[in-house]
Amino acid sequence: MCYDLDARPPYPPVSGGAADGEDIVLTAQDGNRFAAYIAYSAQADGPQVVIFPDVRGLHQFYKELALRFAEVGVRALAIDYFGRTAGVTPRDEAFVYAPHVEQMTIPTFLNDAAAAFTYLRNQSKTPRATFIVGFCRGGTLALHTGAEKFDLAGVIAFYAGLSRPMPGSKGSTLEQAGKMRYPVLGLFGGADASIPASDREQLEQQLSRAGVQHEIVAYPGAPHSFFDRRYTEFADASADAWKRVLRFVNAPVRA
């Protein structure tokens, strides 16, 4: 499990005004229906993000994180992974996610991700820069998605697992990172035993091989899920990570 049940995202360092959000249901091209949560920003032409959650799917944490983004002018859409096997019911503390995680595949996930990108783009009259922000398994999925043609502006991966197998993938996560098409910001806990420094070094090597702009940050002493589950204890690392995320999505369009 990546997060505490009661965890909430940190507040943004600056106020961007009130934000509104709502639960919605999206439909992939193959007919799959899955839950999502959209948070609207007051900024008409700002960037937008699609949030790939951890293994628990569309938990309340990610709805609140979407609102945090919207409060600082970034429209956000958080998606659920489990419509194919668990329907569109809520992902609360009673949800047993493990059997559904085991049934996920990269091709079906990419169908759902494509529907999310299309939905966001259809909300605007003019194009907006679109980013992925993924956490834990969602970070891993973000790296796989970044190897596909989705017209993204960048990929942000929080503590992405780099060695776990992903059913139906075109290669390992590190191999797919070597095919990355978009700039990457990777944020890791320096004391995360599940993602050793050697894995992070290989990730940097693969991103360099892909020729994409990238920054890999490891916070000394911080564990897996430092941004959420142990935010109070690792408040400085979490605040710095949040600022890096906002700086990344608000950077000028990259060549």
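A few points about this structure:
- In summary, F234 fulfils each of the numbered conditions (1) surrounded by fewer than 19 Cβ atoms within 10 Å (Cβ to Cβ); (2) closer than 25 Å to A70 by Cα with the single exception of condition (1).
- The stretch 163-190 residues that are over 22 Å from A218 (Cα atoms) and free of Cβ contacts under 8 Å to residues at least 60 places away in the same chain, paired with ones that are charged (D, E, K, R) and assigned to a loop (DSSP other than H, G, I, E, B) (beta carbon under 9 Å, 6 or more apart): G171/K179; K179/E148; K179/K170; R181/E148; R181/K149
- Inspection of the stretch 65-86 finds a residue satisfying the criterion of being closer than 26 Å to P167 by Cα and surrounded by fewer than 19 Cβ atoms within 10 Å (Cβ to Cβ).
- Residue within the stretch 137-146 that is within 23 Å of G189 (Cβ to Cβ), in contact (Cβ under 8 Å) with a residue 24 or more places away in the chain and among the basic types (K, R) present: yes
- Selected residue (only one of I195, I216 is out of contact with any Lys or Arg (no Cβ under 7 Å at 6 or more places or on another chain) and either surrounded by 18 or more Cβ atoms within 10 Å (Cβ to Cβ) or touching a residue at least 24 places away in the same chain (Cβ under 8 Å) (or both)): I195
- Matching residues in the stretch 200-228 - criterion: being assigned to a loop (DSSP other than H, G, I, E, B), closer than 22 Å to D54 by Cβ and small (G, A, S): G221, A222, S225
- Looking across the stretch 89-102, the residues that are within 15 Å of F34 (Cα to Cα) and out of contact with any Lys or Arg (no Cβ under 6 Å at 6 or more places or on another chain) come down to T89, P90, H100, V101.
- Conditions (1) under 11 Å from the mean Cα position of the chain (by Cα); (2) over 23 Å from L246 (Cα atoms); (3) not β-branched (V, I, T); number of the one not met by G138: (2)
- Top-ranked residue of the stretch 3-49 - restricted to ones that are among the aliphatic types (A, V, I, L, M) and more than 21 Å from Q60 (Cα to Cα), ranked as modelled with the highest pLDDT: A28
- Flag for A239 being assigned to a loop (DSSP other than H, G, I, E, B), closer than 23 Å to T130 by Cα and modelled with pLDDT under 95: no
- Within the stretch 142-191, considering residues that are assigned to a helix (DSSP H, G or I) and surrounded by fewer than 19 Cβ atoms within 10 Å (Cβ to Cβ), the one nearest to the chain's Cα centre (by Cα): L174
- Strands (runs of 3 or more DSSP E) wholly inside the stretch 20-138 that include at least 3 residues being of a type in the set (V, I, T) and more than 26 Å from A251 (Cα to Cα): 20-27
The values are calculated or read from the model by the stated rules, or taken from the named source; none is laboratory data. Only a predicted model underlies this, so the values are computations on that prediction, with no experimental measurement involved. So basically every Cβ, Gly included, is an ideal-geometry build from the backbone, and we count neighbours across all protein chains shown.
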